[in-house]
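Each value in this text was obtained by applying a stated rule to the coordinates, not by laboratory testing. Note that the structure is a prediction, hence the values are computed from the model and not measured. With ideal geometry, Cβ positions are generated from the backbone for all residues, glycine too; neighbour counts draw on all protein chains shown.
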Amino acid sequence: MGLPAETDQLCVEVGERAHAYLGIPWNSTVLLRRCGLARHYKHGKRRAAGLIDNPDKAYLDHLCRRGYVVIAPEHFVSGHRIPAKGPYETGAFYKRHPKWTAVGKFTYEHSIAIDVLKNPLTGFDDKRIGALGHSLGGHGTFFLAAYDDRIKASACNCGASFFRHNPSVVAWSRDHWYVYFKPIREGLLKGEMPPIDFHEIIALIAPRAFLDLSGLNDGHGPTQRQRLLMLMKIMEVYELEGAAKNFGFYVHGPRTLRRARVP
């Protein structure tokens, strides 16, 4: 495999650069790997590259060994860009961009990471781009795939409890730390649900390939069981597109990604 090489060439805003590790093996299949997992605050891209922490979560290394070109971009409040108030604090971001959302910010940045893969040295194949992620990286994956149709296949592991049937729905727009969708807080506090839910975002990926992996014991049980019904609604969209074979889901027990590997 090729050793990971740091790049600081992801210009994401005026005066702001994102950081990533790029792993280049001997062949040219491409997979975009999301990094910056919400419960492992300070590691950023370094853990994905296998340089620190849990080797089971060295996804860049695992996939490079299987022949994939892999880019592991850091989340915008982790790694090199940890805010002054601490990892995954979005207060400064919302002060700078009060009408934006953290989800929109990282989706846009990770779309830029795909642009980096166009460097001829990577052996880039723009018809074989995939994305995968766990937890925060998991729902970041399906937002990216819905937004950027250059993603041809994607997989989400234990990412996102849906808005509905979720007793902790206000956590999606809490008033501290990592705030996903600040603009919807007022409505959520009044008991008003957003006009769409995550299964409708995922449905935008159709007819491209998508796999959802989730654990029944990952969070609130009734919410996770409701996820199964919403996944069936996604399947209906894939069937309408004549692409039922491109959608799948697997519900297991624990919150893990170790067995969710690319063949």
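Numbers at a glance
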item	result
Calculated FRET value between Arg17 and Val170, using beta carbons and R₀ = 22 Å, to 0.05	0.05
Spacing of the two label points (7 Å from each Cα toward its C-beta) at Asp149 and Lys190, in nm	3.6
Where Rh is the Kirkwood radius over Cα pairs, Rg/Rh for region 161-207	1.01
Cα-based Kirkwood hydrodynamic radius, region 182-232, one decimal, Å	13.0
Rg [Å, one decimal], Dmax [Å, integer] - region 87-199, C-alpha atoms	15.7, 52
